[in-house]
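For reference, the structure discussed in these notes is given below.
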Amino acid sequence: MKHQDYMKIALEEARQALSEGEVPVGAVIIKDGVILARAHNRKEAQHDPTAHAELLAIQQACRQQKDWRLDGCTLYVTLEPCAMCASAMTQARLSTLVYGTLDEERGAVESRGRLLADNLYNHVMEVYGGFCEEEAKNLLEVFFKSIRDRCNQVSLAD
């Protein structure tokens, strides 16, 4: 399988998040062509600000591997990771990150910071962005438009 193929699986997770009223972000972790974990945002369902797709996938993969080190693993995620997730990725020793679209407000890989660049945390990770970017961006636009529409309906009712 190629990066695009695994990103399509992450997009399936993002669509599941959207159907559950969560910000549509999905993640998949693979090693040697085997899917170790797949997850999507669950902040609302779990009442937990740390229930990001990336963290949930990392936790799942670590349990699967029976190790906190995910050397040789690739994380596919539909949205550029935030600082919390980027830091967790370095702690987990992930080898590669492949993400879909930029997060211009909170992205810590390219947009608002470069936490994975220049061996900042004494861990080198390959990073590739822009895979299935339009589809990932469209899911986010649909979600945030629905929130704006609901807010406008409430305002009109007042």
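The values are calculated or read from the model by the stated rules, or taken from the named source; none is laboratory data. These numbers come from a predicted model, not from an experiment. As a convention, Cβ positions derive from the backbone with ideal geometry for all residues, glycine included, and neighbour counts pool all protein chains shown. Each accessible area value is taken on the protein alone, full model and side chains, heavy atoms only, with ligands, DNA and RNA left out. Shrake-Rupley method; radii C 1.70, N 1.55, O 1.52, S 1.80 Å.
At-a-glance table
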| item | result |
| --- | --- |
| Hey, Leu36 farther than 18 Å from Gly100 by Cα and touching a residue at least 40 places away in the same chain (Cβ under 8 Å) or not | no |
| Which numbered condition Cys132 fails, given (1) in contact (Cβ under 8 Å) with a residue 40 or more places away in the chain; (2) touching a strand residue (DSSP E or B) at 6+ places or on another chain (Cβ under 9 Å); (3) at negative phi | (3) |
| Selection within segment 83-115 - in contact with a helix residue (DSSP H, G or I) (Cβ under 8 Å, 6 or more places away or on another chain), outside any loop (DSSP other than H, G, I, E, B) and open to solvent by 50 Å² or more (accessible area, probe 1.4 Å) | Met84 |
| Yes/no for Met89 being more than 21 Å from Glu20 (Cα to Cα) and in contact with a Pro (Cβ under 9 Å, 6 or more places away or on another chain) | yes |
| Top-ranked residue in segment 116-140 [being of a type in the set (A, V, I, L, M, F, W, C) and open to solvent by 40 Å² or more (accessible area, probe 1.4 Å); ranked as farthest from Arg15 (Cα to Cα)] | Leu120 |
| Residue among Glu44, Glu20 that is in contact with a helix residue (DSSP H, G or I) (Cβ under 9 Å, 6 or more places away or on another chain) and more than 18 Å from Ala86 (Cβ to Cβ) | Glu20 |
| Residue in segment 133-152 that is modelled with pLDDT of 95 or more and not in a helix (DSSP H, G or I) present | no |
| Residue check for Leu36: out of contact with any Phe, Trp or Tyr (no Cβ under 7 Å at 6 or more places or on another chain), assigned to a loop (DSSP other than H, G, I, E, B) and within 22 Å of Glu126 (Cβ to Cβ) | no |
| Residue match in segment 52-68 (condition: open to solvent by 10 Å² or more (accessible area, probe 1.4 Å) and either of a type in the set (Phe, Trp, Tyr) or closer than 15 Å to Tyr128 by Cα (or both)) | yes |
